[in-house]
Amino acid sequence: MNKTLVLLSALLLAGGAASAQAPAIPGPAATQKSPDQQAQRRAQYLAKELGLTADQQARLEPILLAQRQDMQAMRDRVQTNGRQRGMGQELKASQGKYTEQIRAVLTPEQFARFEQLKDEQRDKLRERRAGSQGLGARP
């Protein structure tokens with residue numbers, strides 16, 4: 001449970017820090033996508049990975065959009081006011097709420113795969129973070 005809280009907090013902070021930096025190379029990757037575009041892209045990815053029906057994808061998109069909008073609002077607050085006490089708990093509660101809404105749309109098998117995908121993404125993020133932290137360290 002603490003790992004999830006730490007990870008979600010790190011994601012929030014990393015997202016805020018990444019969006020505060022100017023892109024080195026202008027181009028398609030440099031333009032930040034809107035929460036709506038992010039939600040649509042995530043819904044398409046999940047449709048492919050989980051084998052969602054058209055109805056499931058249509059029901060999932062508004063949930064993902066609300067989730068992205070909440071994340072953006074939290075990032076904006078961090079950038080404006082700095083990190084505040086209780087944000088980790090707020091983030092955890094928000095993610096829990098959306099996870100339960102997603103669970104209601106998916107079959108038990110799809111939800112198990114969804115959780116597996118989240119764990120894999122979390123592991124990849126940890127590996128990237130560990131690799132980037134080791135770049136500046138001296139033996």
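The values are calculated or read from the model by the stated rules, or taken from the named source; none is laboratory data. Bear in mind that the values here come from a model prediction, so they are computed numbers and not experimental data. Positions of Cβ are generated from backbone atoms using ideal geometry, with glycine treated the same way; all protein chains shown enter the neighbour counts.
Annotation: D36 fulfils all but one of (1) under 21 Å from E120 (Cα atoms); (2) modelled with pLDDT of 75 or more; (3) surrounded by 11 or more Cβ atoms within 10 Å (Cβ to Cβ); the unmet one is (1).
In the stretch 71-86 there is at least one residue that is touching a residue at least 40 places away in the same chain (Cβ under 8 Å), outside any helix (DSSP H, G or I), in contact with a helix residue (DSSP H, G or I) (Cβ under 9 Å, 6 or more places away or on another chain) and more than 16 Å from A47 (Cβ to Cβ). Within the stretch 92-121, the set of residues being in a loop (DSSP other than H, G, I, E, B) and either over 19 Å from A58 (Cβ atoms) or among the hydroxyl-bearing types (S, T, Y) (or both) comprises just one member, T107. The set of residues in the stretch 43-83 being charged (D, E, K, R) and closer than 15 Å to G96 by Cα consists of R68, D70. For L60, the conditions (1) out of contact with any helix residue (DSSP H, G or I) (no Cβ under 6 Å at 6 or more places or on another chain); (2) at negative phi are fulfilled apart from (1). Please enumerate the residues belonging to the stretch 42-52 that are exposed (fewer than 13 other Cβ atoms within 10 Å of the Cβ) and free of Cβ contacts under 8 Å to residues at least 24 places away in the same chain. Matches in the stretch 42-52: Y45, K48.
Out of all the residues in the stretch 47-84, which are closer than 22 Å to F111 by Cα and either modelled with pLDDT under 90 or among the hydrophobic types (A, V, I, L, M, F, W, C) (or both)? Scanning the stretch 47-84 gives A47, L50, L52, A54, A58, L60, I63, L64, L65, A66, M71.
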